[in-house]
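Worksheet: the structure to be examined is printed underneath.
The values are calculated or read from the model by the stated rules, or taken from the named source; none is laboratory data. Keep in mind the model is a prediction, meaning the values are calculated, not measured. Neighbour counts are summed over all protein chains in view; Cβ atoms, including those assigned to glycine, are modelled from backbone coordinates with ideal geometry.
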Amino acid sequence: MKIYSAVFIGGALGACLRYGLNLWIHTGQFPAATWLEIAAGSLLLGILTGFFMIGAKRPLLSAFLGTGFCGGFTTMSTFSKETTVMLLQGQPSLALLYVAASLISGIIFALIGVFAGRRIAGIQQRKGLQER
């Protein structure tokens, strides 16, 4: 039950941050707030993934931050809706740009995050060994 609570609380916090970011960054035709959420969420989830691959296994923290917070913060449904709206409004070039920018930046930021998280975990492991 603890893990469900961690996902629930993390998801609520992530969704609230996403909502606030969408209110704060309101642009014209290009959905910059959602693009930023995709990029930032991919980076954060990449860092967490890389860290937990090497670092200490902490299932509650992983569920809270990864599944909960990042899952609530990033949003595939909004991305899909915004792309569909651009297509229906006769803006296929903008829709294609948005899809390409979101996918490419999301993958690149996730990859950078995994490498960064693994590096952070490796540094922590070395510090722990040196302190013993």
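Details
- Of all the listed residues (Lys57, Lys81), the sole one being exposed (fewer than 15 other Cβ atoms within 10 Å of the Cβ), of a type in the set (D, E, K, R) and assigned to a helix (DSSP H, G or I) is Lys81.
- Within region 1-33, considering residues that are without any contact (Cβ under 8 Å) to a residue 60 or more places away in the chain and outside any helix (DSSP H, G or I), the one nearest to Phe115 (Cα to Cα): Ile25
- Of all residues in region 76-106, those being touching a helix residue (DSSP H, G or I) at 6+ places or on another chain (Cβ under 7 Å) and aliphatic (A, V, I, L, M) number 6.
- Screening Gly28 on (1) within 22 Å of Ala95 (Cα to Cα); (2) surrounded by fewer than 16 Cβ atoms within 10 Å (Cβ to Cβ); (3) at pLDDT 95 or above; (4) of a type outside the set (Phe, Trp, Tyr) shows it passes everything except condition (3).
- Residue count for region 84-93 satisfying the condition of being surrounded by fewer than 13 Cβ atoms within 10 Å (Cβ to Cβ) and either among the β-branched types (Val, Ile, Thr) or closer than 26 Å to Leu45 by Cβ (or both): 1.
- Candidates are the residues of region 68-78 that are outside any loop (DSSP other than H, G, I, E, B) and surrounded by 14 or more Cβ atoms within 10 Å (Cβ to Cβ); the one that is modelled with the lowest pLDDT is Thr78.
- From the list Leu103, Leu36, Leu96, the lone residue that is part of a helix (DSSP H, G or I) and either surrounded by 14 or more Cβ atoms within 10 Å (Cβ to Cβ) or among the acidic types (Asp, Glu) (or both) is Leu36.
- Among the residues of region 63-106, just one is out of contact with any Gly (no Cβ under 9 Å at 6 or more places or on another chain), over 20 Å from Asn22 (Cα atoms) and in contact (Cβ under 8 Å) with a residue 24 or more places away in the chain, namely Gln91.
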